[in-house]
Amino acid sequence: MKVLILSINYWPEVTGIGAFTISRAEHLAAAGHEVEVCTTFPYYPEWKVPAEYAGKFAANEERNGVRIFRSYAYIPNPVTSVKRVVHEASFIATSLMRALGRRRPDVLLVVSPPLGLAASAIFLSWLWQIPYVFDVEDLQPDSAADLGMLPPRVLKLMYRVEAAAYRCAALVSTITNGMRDRILKKGVPPEKVTLFEARLDDSLLDLAPGQGAAFRQRYGLGDKFLVTHSGNMGVKQGLDVIVDAAARNKVDRSTLFLLVGGGAVRERIQSRVAEQGLENVRFLPLLDEADFQGLLAASDICLVTQQKSVSDIVFPSKIVTYLAAGRPVIASVSSGGEVALAIGESGAGRLVEPEDPEALLAAIQDLRAADLHRCGENARKYADRRWSSARVLGHFEQSLMKVAAAAAKPLTGRGTAL
């Protein structure tokens, strides 16, 4: 089977959508399939292209059996709603040109966001007479509506594009049951919507205490009680609640809040910490794989935070990472969402209301006094049961093969118009 993947995020990005796409593409390649990825140059979550890629308009690479075809995209910094539209539009245009230069695949896998890649999927599907799978990592129109980011006319257009994407796809996939339910409510037949859940990194199941000790020594963390947030530092993450909790706990010199990663609001959060003179908050940049595993092994509690306005179906990949690593987790998120469900089912930590620093601090202190080891064991067992690589990636591969096999038969009833 030959698979062409369109995804704005890919290796060496290791957070968010890129991490999902990397594991799926490399699994297919390892299984003997021919896999190509049309993507842009790495930029996430810092929203900055690394020096080794800067100034290029196209590049070809290969990694772990996957051929990577990069094309230019405008990368805004700082990010605004208008600039993000230009960013996504530029990638949609240049990636389509790169895709047209590829040999006809058996199936397309199109990763959304950006939602506009649906137009490329519909066109390429018609041109090559092949099916496409529309992989929904974020319900972009719903998220934009929840956050009030776009005017009604733009939202209406997005919902039209979304409907066309679902109608024309051979299969629609998403990452949580909550997102699947929302897609079904939009009128998509149940048999057409499947789950491609996040998959855990098997190496995280066996982190050694020595990795944590080495990390603490390398970064001069001593025996501090580490409360960690890692990954993207964007608006949705609502990181102010961590700063406010740290401010309420600044007399406790035994606890250190460690914020790791980058993103659109990092500088603002750093400024707040500096203005308040908070010595119990420290920042680290994105880490390589070895250091990241050391960070996880060293962390006593890991945090997941979101704004109140964030949709209850959002499911950040860090949840899978934290639980697989056996870390106790405190989630400052909506109580009715997918993150809350995972924390409740796993018995891995505590759930508090978003944007409530007093509740967050109380949960940290409560969990610190509880059996952290048991929480960690609960987390690891739950992650291994729900997100094992064999189950998740096996289902993903079989789903694509089924779509490709069905395409060998005459295709009927496929829409083509927005």
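The values are calculated or read from the model by the stated rules, or taken from the named source; none is laboratory data. Source: prediction; values computed, not measured. Note: ideal-geometry Cβ built from the backbone for every residue, glycine included; neighbour counts use all protein chains shown.
Worth pointing out:
- Qualifying positions in segment 28-47 - touching a residue at least 60 places away in the same chain (Cβ under 8 Å) and within 21 Å of PRO113 (Cβ to Cβ): GLU36, CYS38, TYR44, PRO45, GLU46, TRP47
- Selected residue (criterion: surrounded by the most Cβ atoms within 10 Å (Cβ to Cβ)) from residues of segment 282-326 that are touching an Asp or Glu at 6+ places or on another chain (Cβ under 8 Å), over 17 Å from VAL14 (Cβ atoms) and of a type in the set (Ser, Thr, Tyr): SER311
- Residues that are of a type outside the set (A, V, I, L, M, F, W, C), surrounded by 22 or more Cβ atoms within 10 Å (Cβ to Cβ) and assigned to a loop (DSSP other than H, G, I, E, B) within segment 198-230 comprise just one, ARG199.
- ALA370 being modelled with pLDDT of 95 or more, more than 25 Å from the chain's Cα centre (by Cα), surrounded by fewer than 20 Cβ atoms within 10 Å (Cβ to Cβ) and over 20 Å from PRO316 (Cα atoms): no
- Some residue of segment 82-89 being within 22 Å of ALA25 (Cβ to Cβ) and either assigned by TED's automatic domain parsing to the domain that holds SER112 or assigned to a strand (DSSP E or B) (or both): yes
- Flag for SER309 being within 22 Å of GLY16 (Cβ to Cβ), at pLDDT below 95 and small (Gly, Ala, Ser): yes
- Candidate set: segment 165-179, residues that are part of a helix (DSSP H, G or I) and buried (at least 18 other Cβ atoms within 10 Å of the Cβ); chosen: the one modelled with the lowest pLDDT: GLY178
- VAL329 being among the β-branched types (Val, Ile, Thr), farther than 30 Å from LEU109 by Cβ and crowded, with 23+ Cβ neighbours inside 10 Å: yes
- Test result for THR176, more than 23 Å from GLN307 (Cα to Cα) and among the hydroxyl-bearing types (Ser, Thr, Tyr): no
- Residue match in segment 123-143 (condition: surrounded by fewer than 19 Cβ atoms within 10 Å (Cβ to Cβ), modelled with pLDDT under 90, assigned to a helix (DSSP H, G or I) and assigned by TED's automatic domain parsing to the domain that holds CYS38): yes
- Qualifying residue in segment 333-354 (condition: in a loop (DSSP other than H, G, I, E, B), at positive phi and surrounded by fewer than 20 Cβ atoms within 10 Å (Cβ to Cβ)): yes
- Any chance LEU360 is of a type in the set (A, V, I, L, M), surrounded by 17 or more Cβ atoms within 10 Å (Cβ to Cβ) and either at pLDDT below 90 or touching a strand residue (DSSP E or B) at 6+ places or on another chain (Cβ under 9 Å) (or both): yes
- Counted residues, segment 201-232 - those being at positive phi and more than 27 Å from the chain's Cα centre (by Cα): 2
- With respect to being crowded, with 18+ Cβ neighbours inside 10 Å, out of contact with any strand residue (DSSP E or B) (no Cβ under 9 Å at 6 or more places or on another chain), under 28 Å from ALA369 (Cα atoms) and polar (S, T, N, Q), GLN276 falls outside the description.
- From the list ARG104, ARG67, the lone residue that is at pLDDT 95 or above, more than 21 Å from the chain's Cα centre (by Cα) and part of a loop (DSSP other than H, G, I, E, B) is ARG104.
- Within segment 142-200, being more than 18 Å from the chain's Cα centre (by Cα) and of a type in the set (Asp, Glu) holds for ASP146, GLU162, ASP181, GLU191.
- Odd one out for ALA19 among (1) small (Gly, Ala, Ser); (2) in a loop (DSSP other than H, G, I, E, B); (3) surrounded by 20 or more Cβ atoms within 10 Å (Cβ to Cβ): (2)
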